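Only one structure is covered here, and it is reproduced in the block below.
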Amino acid sequence: MTTINPSAKIARIETRVSKEQKELIERAATFSGRTVSEFVLAHIEVAAKKIIEEHEKLHLDQAQSRILVEALLSPKKPNKKLKTAMDEYRKRVESR
């Protein structure tokens, strides 16, 4: 029976680099005791996570923070337009 490892590395990423870039990356990989693939993957993954985190964070100044907290602690009652939208959404979701 063959089992598939969900974390198995089957996807590929390819990129073209200059000769100088390739040599630089190979040299850095050697200094770090990694293969080029391990070196590139480790550093790209760190950069990708950092960029995603920066874009998913909510940056608010003091006034914006106060407005958000007030809205969360004392939400306004839904108006007719919002109630209609909620009813429409429920009908669509329940009909699936």
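Please treat every number below as a calculation from the coordinates, not as lab data. Just so it is clear, the model here is predicted, and its values are computed rather than measured. All Cβ positions, even for glycine, are placed from backbone atoms using ideal geometry, and neighbour counts span all protein chains on display.
Odds and ends about this structure:
- Based on the reciprocal of the average 1/r between different C-alpha atoms, the Kirkwood radius for the chain equals 19.7 Å.
- Relative to the longest principal axis of the Cα atoms of the chain, helix 80-94 runs at roughly 60 degrees.
- In a simple Cβ point-charge model (Lys, Arg +1; Asp, Glu -1; nothing else charged), the chain has a dipole of about 660 debye relative to its Cα centre.
- The order of V46, V36, going from fewest to most other C-beta atoms within 10 Å of their C-beta, is V46, V36.
- Degrees between helix 62-73 axis and first principal axis of the chain (Cα, 0 to 90, nearest 10): 60 degrees
- GNM on the chain, alpha-carbon springs under 10 angstrom: the most fluctuating residue among S65, S74, S32 is S74.
- Once the Cα atoms are used to define both axes, helix 19-32 deviates from the longest principal axis of the chain by about 90 degrees.
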